[in-house]
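The structure appears below as structure tokens.
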Amino acid sequence: MALISKIRKNSWVVIIMLALGMGGFVVMDMVSAASKSSGNQYTIGQVNGEKLDWNDFQRSERILYPNSTGDVYGQRNYIWNYMVEDQLLKEEAAALGLNVGTEEMEELQFGQRLSPIIQRNFRDPNTGQMDRATLDQIKANLGTGKLQPQLEEFWKFQTGEIIKDRLQSKLAALVKKSIYTPKWMATQLQAEQGSSLDFKYVLVPLDKVADEEVKLTDDDYQAWMKENQTKIKLKEEMRTVDFVVFNVTPTSNDTTIVRDAINERIAAFRTTDNDSQFVENNYGIMEATYFKKADLAEVIADTVFDLPTGAVYGPYIDGVAFKAVKVLGKKMIPDSVEARHILLRAESAAEIAAATKRLDSVKTLIEAGVQSFDSLAMKVSQDGSAQKGGDLGWSWAGRMVKPFNDLLFYTAEPGELHIITTQFGVHLVKVTGRKYIENTQGVRLAYLVEPIVPSEETQASVYDDALEFSGQNRDVKELKEAIEKKPELSIETAQGLTANAYQFSTLGSGGTSRDIIRWAFQPDTKVGMVAPEVYVYDEPTLFYNARYVVPALKSIMKAGESTLAQVKEMYTQQVTAKKKGEILAAKITSKDLDAVASQFGVQVDTFNNVNFNMSYLQGLGNENTLIGKVTALQQGESAGPIIGVSGVYVVQVINRTEASLSTDIASFAQQLSMTSRSSIDSRLMEAIKSSAKIKDNRYKFF
């Protein structure tokens, strides 16, 4: 039992306990979806021909994210990447003879060189120290049947994480040791990095060409395609979806209903003799904080300071809600407070109760004069202030966690003893001093809040409109024609969707977004088709149907080289920018910067300390073509027009400083190698993945 008690102090173990209390239920609808897929119904993917098992994927999700309320698709994406990388590392390790031995594993899990995985999972977040006691007890009981099955399962998965991390580190070390910078390269790079120049330039922005001037032809697109072959090569199939959004907003009648509802409670709010209970019963807001005028919403900031205590103002609109506010009290707010405390760390309800009881006894001793606060703090308190008798010094508002801050600044009086619980444990607190410099008045308030949300009738009405619109327009062409007759609606486009994407344009991620993307990739979904159902997006905090979406599949782009039609759909904006640059360049007939600036109504500017190895110019962005052209010029030379990303440039070098080459080229070469090695850890796995044959079937499962 002592081991279990110790383990429960680790939050990750508590989470596992809660999740597996359900007894290992499996998400059957996901398996059912998988059974419809071709081939092995439990193969979620393949890595170089090796199958990744769906059951292993589910098991990992259950262990890593029990009872999670986070982004489920982001979590699943992490698991997928973990499984793919784990398989690839096993292959690389086998080919190179790398492994993690038994003694090495013992050291990584329980020794003096703990794995980063162990350090992540067993470090006390409050003290930053490793929880060695728990590790020792797990080591003693692992495999004996004395640990809970869920902890054994977690440890087994964690062992796999440790092996993966260690193999990746070893592989990275091999790659780093193989990096070498030859002398000729170091000499060239030193010359490039050491040389610098200053230049004057004129930038003629692309918006100097009106959109009406641009007439794109197939030749324009094909020329752009030739220059951007790598960019337009698709690694996987993509789909484009047009969609129409029907936003659900409250009607004037909905607003009236909400206002009437809060009005009905204001009279009782004004006369109640128990504000705290009334606010709690009516889902309102009440805090211990005394707010300054600057901290309040503009709509009430002046009014509440003129009202007497007990008065109610409202209803008024604040954001998307009707509110009524009651003045509970007014007082001068100290600018800083001096205090001391005794802290007993506690997490569970039982620990908090025990700590509170003990501090209540300590409080009695101090109030009776039996012992002093500072002497007891030195003996009892469990934080760094114990050595100073619990002295926290002077602090200003907002520095401490909220319950502690509110007690110091708004509730406790100097000399009083208070017991309070925070995220750090249970505190016995004594305010020893207050400073009033600005003499700012604060006001304590209570609120009734009634969100202005669409009624169920309004939601149903908008849904009927969306359903009717979807039913009457069954392809993209009809959709566009219908939109022209409804100016309140518009078509939006989600481009570059992949089979396993879960982010859908401006509508974000989540279950509904994933459902639309899954529909777009169904085998029976054809180009031009409107979805058979209307998709619903909920308002995440107020829990009503906030928008209804009617999607239509606009196009399918197969993996490989993009076609002319696909480039027209995906990259017209970029081709247009290139064409505008060419039009502007044709209009620039002089290399005289002042003349060009006058011609287009722009300014002559200067850029200093530019060298060939730069890729980004502050204020101009990534202008690689400009940098390449200008660094090839000698002092006094001009060039242009140069078509860049932001516009067309005409430049003149006004100063050039050549590099002073170091005689110790070996040291410089070593620095270059170290710089290259520093990027290995972040780039290694992506490089391995890029050369692997990975088949991703996740879209068949979720």
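Picking from Ser598, Ser590, which residue would you name as being part of a helix (DSSP H, G or I) and either touching a helix residue (DSSP H, G or I) at 6+ places or on another chain (Cβ under 6 Å) or farther than 20 Å from Asp198 by Cβ (or both)?
Ser598
Do you know which residues across the stretch 413-455 are on the phi < 0 side of the Ramachandran plot, in contact with a Lys or Arg (Cβ under 8 Å, 6 or more places away or on another chain) and either in a helix (DSSP H, G or I) or among the small types (Gly, Ala, Ser) (or both)?
Result: Gly442, Ala446.
Please state which of the following conditions Ala223 fails to meet, knowing it meets all the rest: (1) in contact with a strand residue (DSSP E or B) (Cβ under 6 Å, 6 or more places away or on another chain); (2) in the same structural domain as Lys578 (by TED's automatic domain parsing).
All conditions pass for Ala223, except number (1).
Among helices (runs of 4 or more DSSP H) lying entirely in the stretch 64-163, which contain 3 or more residues that are more than 24 Å from Ile694 (Cα to Cα)?
On the way: elements: 72-96, 102-110, 116-121, 132-141.
Answer list for the stretch 64-163: 102-110, 116-121, 132-141.
In the stretch 568-612, which residues are closer than 30 Å to Ala223 by Cα and of a type in the set (Ser, Thr, Tyr)?
Listed by number, the residues that qualify are Tyr571, Thr572, Thr576, Thr589, Ser590.
Per-residue answers, yes or no, for (1) in a helix (DSSP H, G or I); (2) closer than 24 Å to Ala412 by Cβ:
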residue: Ile266; (1), (2): yes, no
residue: Glu280; (1), (2): yes, yes
residue: Gly314; (1), (2): no, no
residue: Lys326; (1), (2): no, yes
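Do the conditions hold for Thr255, that is, is it among the polar types (S, T, N, Q), part of a strand (DSSP E or B) and surrounded by 13 or more Cβ atoms within 10 Å (Cβ to Cβ)? Let's see the steps before the verdict.
Details: among the polar types (S, T, N, Q): yes; part of a strand (DSSP E or B): no; surrounded by 13 or more Cβ atoms within 10 Å (Cβ to Cβ): yes.
Here the answer is no, as Thr255 does not meet what is asked.
Return the residue satisfying two criteria in turn: it lies in the stretch 536-575 and is modelled with pLDDT of 90 or more and acidic (Asp, Glu), and of such residues it is farthest from Arg239 (Cα to Cα).
My answer is Glu539.
Would you be able to say whether some residue in the stretch 520-535 is among the hydroxyl-bearing types (Ser, Thr, Tyr), assigned by TED's automatic domain parsing to the domain that holds Lys477, under 18 Å from Glu237 (Cα atoms) and touching a residue at least 12 places away in the same chain (Cβ under 8 Å)?
If we filter the stretch 520-535 for residues that are among the hydroxyl-bearing types (Ser, Thr, Tyr), which is where we start, we get 525, 535.
Remaining after also requiring assigned by TED's automatic domain parsing to the domain that holds Lys477: 525, 535.
If we keep only those that are under 18 Å from Glu237 (Cα atoms) too, we end up with 525.
With touching a residue at least 12 places away in the same chain (Cβ under 8 Å) added as a condition, the list becomes 525.
The answer is yes, given that some residue of the stretch 520-535 is among the hydroxyl-bearing types (Ser, Thr, Tyr), assigned by TED's automatic domain parsing to the domain that holds Lys477, under 18 Å from Glu237 (Cα atoms) and touching a residue at least 12 places away in the same chain (Cβ under 8 Å).
Let me spell it out: the conditions are (1) of a type in the set (Val, Ile, Thr); (2) in contact (Cβ under 8 Å) with a residue 12 or more places away in the chain; (3) exposed (fewer than 15 other Cβ atoms within 10 Å of the Cβ); (4) in a helix (DSSP H, G or I), and Thr249 meets all of them except one. Which number is the exception?
Only one criterion is unmet by Thr249, namely (4).
The values are calculated or read from the model by the stated rules, or taken from the named source; none is laboratory data. Keep in mind the model is a prediction, meaning the values are calculated, not measured. Quick reminder, even Gly has a Cβ in these numbers, built from the backbone with ideal geometry, and neighbours come from all protein chains shown.
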